[in-house]
Amino acid sequence: MLKGIDPRLNADVLYALRAMGHGDMLILSDTNFPSDAIAQTTVHGELLRMENLTVAGAADAILSVMPLDTFVDDFAGRMEIVDDAATIPPVQQEVQDAIAATGETRSMVGIERFAFYDLAREAYAVIQTGERRFYGCIMLRKGVIGPDE
């Protein structure tokens with residue numbers, strides 16, 4: 001255990017989060033997403049796991065240490081439901097609530113399913129959660145921490 005670090009964050013995840021730079025994308029996936037195959041194409045190149053958590057629990061822990069990008073509209077994204085892009089299922093609303101808890105007022109952007117797969121291949125890393133609900137696939141874009149005043 002470390003002081004001030006959410007115990008849900010394991011060493012591998014902390015390493016990746018620290019290594020990411022401004023604008024790098026992190027993918028949080030449910031258990032049905034082709035996480036391992038896609039993770040092999042990312043910058044990190046290996047699948048990370050937070051299997052004991054829902055996607056919202058993982059997002060909450062990650063957002064306790066990682067700022068979201070404030071310079072772009074796609075600071076966070078969600079995989080759209082096939083043939084129902086406007087619907088936001090509870091699994092995604094829970095992540096939106098975790099984002100809102102950071103003070104962020106913007107909504108995640110919707111990303112078509114196959115476009116999400118393509119985007120994930122360009123990400124810094126993929127973290128597979130234990131989320132079993134469908135459409136628990138989220139993109140978070142890392143922001144910056146400014147200098148001390």
Checklist entry - Do you know which of the residues in segment 80-97 that are of a type in the set (D, E) and assigned to a helix (DSSP H, G or I) is surrounded by the most Cβ atoms within 10 Å (Cβ to Cβ)? => result E94
Checklist entry - Pairs under 7 Å by beta carbon, first residue under 16 Å from D118 (Cβ atoms) in segment 77-90, partner among the aromatic types (F, W, Y) and part of a loop (DSSP other than H, G, I, E, B), six or more apart or different chains? => result M79/Y135
Checklist entry - Which of the residues belonging to segment 64-79 are touching a Lys or Arg at 6+ places or on another chain (Cβ under 9 Å) and not in a loop (DSSP other than H, G, I, E, B)? => result L68, A76, G77, M79
Next on the checklist: Condition (residue is assigned to a loop (DSSP other than H, G, I, E, B) and basic (K, R)) applied to segment 109-124: is it met by at least one residue?
Outcome noted: no
Checklist entry - Could you list, in sequence order, the residues of segment 106-135 that are among the β-branched types (V, I, T) and farther than 17 Å from Q92 by Cβ? => result V126
Next on the checklist: Criterion first (over 16 Å from A86 (Cα atoms), within 14 Å of the chain's Cα centre (by Cα) and surrounded by fewer than 18 Cβ atoms within 10 Å (Cβ to Cβ)) does G130 satisfy it?
Outcome noted: yes
Checklist entry - Can you pull out the residues in segment 98-121 that are loosely packed, with under 13 Cβ neighbours inside 10 Å and among the charged types (D, E, K, R)? => result D118
Checklist entry - Out of curiosity, is A59 assigned to a helix (DSSP H, G or I), within 17 Å of L14 (Cβ to Cβ) and of a type in the set (G, A, S)? => result yes
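Throughout, read-outs are computed from the coordinates displayed, never taken from laboratory work. This structure is a prediction, so every number in the text was calculated from the model and none was measured. Note that each Cβ is placed from the backbone with ideal geometry, even for glycine, and that neighbours are counted across all protein chains shown.
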